[in-house]
Amino acid sequence: YMSNYERGLTVLDISDPTQPTQAGLFDTYPASDQTTFNGAWGVYPFLPSGLILVSDINSGLYILRDNTRQSPLASISLSQARISTEEGKDLLLEVTP
């Protein structure tokens, strides 16, 4: 997730870091794509709801939903509330879908 001033928000798929691809775009400043200091100033994509906050220098705050996500946030749980092992020993926790 990148804020790119007049270009707006860009979402990159970096599954293959050697060949990132654009997965999404939201232009907060459609009047221009120049390299001046207008448009998207910052982006925050870490809300538990999955919403993305984009702050724009000229027009304020945008609250966006990321439609590029392929699956909802997952969660895991353990079979016991407390699991322990001796110090210095390995502990293997198996996670299954």
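Keeping the other protein chains in place, figure out the carbon and sulfur percent of the accessible area of segment 1-71, with a 1.4 Å probe. Answer for segment 1-71 is 55 percent, counting heavy atoms of protein chains only.
Over all other residues within a Cβ to Cβ distance under 14 Å of Thr36, the charged ones net out to -2, with Lys and Arg as +1 and Asp and Glu as -1.
The values are calculated or read from the model by the stated rules, or taken from the named source; none is laboratory data. From a predicted model like this one, the values you see are computed outputs, not experimental measurements. Neighbour counts run over all protein chains shown; Cβ positions are idealised from the backbone, glycine included. To get the accessible areas, we keep the full protein, side chains included, count just its heavy atoms, and leave off ligands, DNA and RNA. Shrake-Rupley method; radii C 1.70, N 1.55, O 1.52, S 1.80 Å.
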